[in-house]
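Heads up, the thing below is written out as structure tokens.
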Amino acid sequence: MLALFGKTLPELTEMMAAAGEKPYRAKQVFEALYKQRVGGVEEMTTLAVSLRAEMAEGGWVVGLPEIVQTATSVDGTERYLMRMADGETVETVWMPDGDGGERGDGSEAAVEEAAETETAEEAVAGVKTQIPFGNDNQKGESFWDRRGNGRARSNFGTLAENGFRRATICISSQVGCAVNCQFCLTAKLGIKRNLTAGEIAGQVAAVLNRHKIQIGKDRINLVFMGMGEPFLNYDQFMTSVRLLVGGIGIPESRMTVSTSGILPGIEAFAKEDVRPKLALSLNASNDVVRERIMPITRKWNIEALLEAVQKIPLRTREWVTFEYVLLGGVNDQPEHAREVLDLLAGMRAKVNLIVWNPGPGIDYVQPKPGDVAVFQKMLIEGGIATYIRRPRGRDIYAACGQLKRTVAEERPELVVIGV
């Protein structure tokens, strides 16, 4: 069996040439795989019937990951168990209306988020206005009155028809993870193998197909924040990015990759012409605390990481995101906030605060709501745009740090932080 999804246009051209076909056939296959997102060779209707038959007989298949299990949260988030051709599985998450992670990063998605807040103060604080969709809101305006801008209903995609403004897909890059962050469920799996570019981008295609998404009409954001460390699978990750941009048609400005701090990866990333936005998982204000909760700090400390980040040639209005998982009594006190301000002083940086999402077998506690509020207030007053990322899918273990190929476990008691 030969999986086609994940092949680049040059690779497809070489394959078709070996089969005695002209280069334009490779372009037709590329379009069918990525623009049309076909499920099988037989659906490549731009190819001759005889060629499709030859491809099928030769064992050529599209080879998308298979969604074998779905869990649905009370907030609409869906967590998928994705099975690869060799039987290995990873998890992928669908978040209708996203989690607000793009706020303040200078991207188009961030502008959209800001436009949907009632006041500038709420935008700075990261408070999102809740607007009902599908039905009329309190002002008596329908979705099409508020967001249509005079365009015909046919110019909007599937998300709008279902009452959503956008959606975010969280993608895995490895089966398991080798980084061993002490607060993360995925770390308990260890590392099994890297995913191929086709398996990474294939998660996106499988979810887009499930929801009948229309690229160009629907607003889709991608976050490489699922299972694994993308920068420890750098080449395959970057190939998947190029396929998603040039093939499926999702702009890199709508993508964010999160790294725990793999220095060679950050340095290579800075040289890329096509690259997503960067989010660095900081999670501590000094090396002592960070080494304890993120052992990889022993290899590359905070100073080295920040120096590398500052060398990235940021685009106009682009800001680097620093993610900060708040662990009760560990890294959530005022002295830690003051240290974060010192670290990020002078950088084009924003901070996403993430209230730790609990999981079985992990001995941390969630921060107190008051401590979260004080931490955010101190950073904002210190000149750093700071947002509290909305938790999505915590009841189904779909939130940040909870992906572990979970089938069924007890739901944790959760702390609600005003979002």
Quick one: in the range 27-49, which of the residues that are over 17 Å from Lys212 (Cβ atoms) and of a type in the set (D, E, K, R) is least open to solvent (accessible area, probe 1.4 Å)? Glu31
Out of Ser253, Ser240, I need the residue that is under 14 Å from Lys277 (Cβ atoms), among the small types (Gly, Ala, Ser) and in contact (Cβ under 8 Å) with a residue 24 or more places away in the chain. Which one? Ser253
For the condition of a type outside the set (Val, Ile, Thr), surrounded by fewer than 19 Cβ atoms within 10 Å (Cβ to Cβ), modelled with pLDDT of 70 or more and touching a Pro at 6+ places or on another chain (Cβ under 8 Å), what is the one hit in Gly76, Gly59? Gly76
Taking the criterion of being closer than 30 Å to Pro251 by Cα, at pLDDT 70 or above and not in a strand (DSSP E or B), would at least one residue in the range 334-344 satisfy it? yes
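Let's see how each residue does on (1) modelled with pLDDT under 95; (2) open to solvent by less than 20 Å² (accessible area, probe 1.4 Å); (3) among the hydrophobic types (A, V, I, L, M, F, W, C):
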| site | (1), (2), (3) |
| --- | --- |
| Asn209 | no, no, no |
| Asp218 | no, yes, no |
| Asn221 | no, yes, no |
| Phe224 | no, yes, yes |
| Glu229 | no, yes, no |
| Tyr234 | no, no, no |
| Phe237 | no, yes, yes |
| Arg242 | no, no, no |
| Gly247 | no, yes, no |
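Considering the range 336-356 alone, what residues qualify as being of a type outside the set (A, V, I, L, M, F, W, C) and touching a Phe, Trp or Tyr at 6+ places or on another chain (Cβ under 8 Å)? Spell out how you get there, then give the answer.
Within the range 336-356, the first condition is being of a type outside the set (A, V, I, L, M, F, W, C), and the residues that meet it are 336, 338-339, 342, 346, 348, 350, 352.
Within the range 336-356, His336, Arg348, Lys350, Asn352 meet the criteria.
Kindly provide the set of residues from the range 188-199 that are among the hydrophobic types (A, V, I, L, M, F, W, C) and either open to solvent by 20 Å² or more (accessible area, probe 1.4 Å) or touching a Lys or Arg at 6+ places or on another chain (Cβ under 9 Å) (or both), ordered by number.
Start the filter on the range 188-199 by keeping residues that are among the hydrophobic types (A, V, I, L, M, F, W, C), which leaves 189, 191, 195, 197.
Correct list: Leu189, Ile191, Ala197.
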Filtered residues of the range 359-375 (kept if crowded, with 22+ Cβ neighbours inside 10 Å and either touching a Pro at 6+ places or on another chain (Cβ under 8 Å) or under 25 Å from Lys277 (Cα atoms) (or both)): Gly359, Phe375
Only unsatisfied item for Leu343, checking (1) of a type in the set (A, V, I, L, M, F, W, C); (2) closer than 20 Å to Phe231 by Cβ; (3) touching a strand residue (DSSP E or B) at 6+ places or on another chain (Cβ under 9 Å); (4) surrounded by fewer than 21 Cβ atoms within 10 Å (Cβ to Cβ), is (2)
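The values are calculated or read from the model by the stated rules, or taken from the named source; none is laboratory data. The structure displayed is predicted, hence computed values, not measured ones. Backbone-built Cβ (ideal geometry, glycine too); neighbour counts: all protein chains shown. When the accessible area is computed, the model is the full protein with side chains, heavy atoms only, and any ligands, DNA or RNA have been set aside. Shrake-Rupley method; radii C 1.70, N 1.55, O 1.52, S 1.80 Å.
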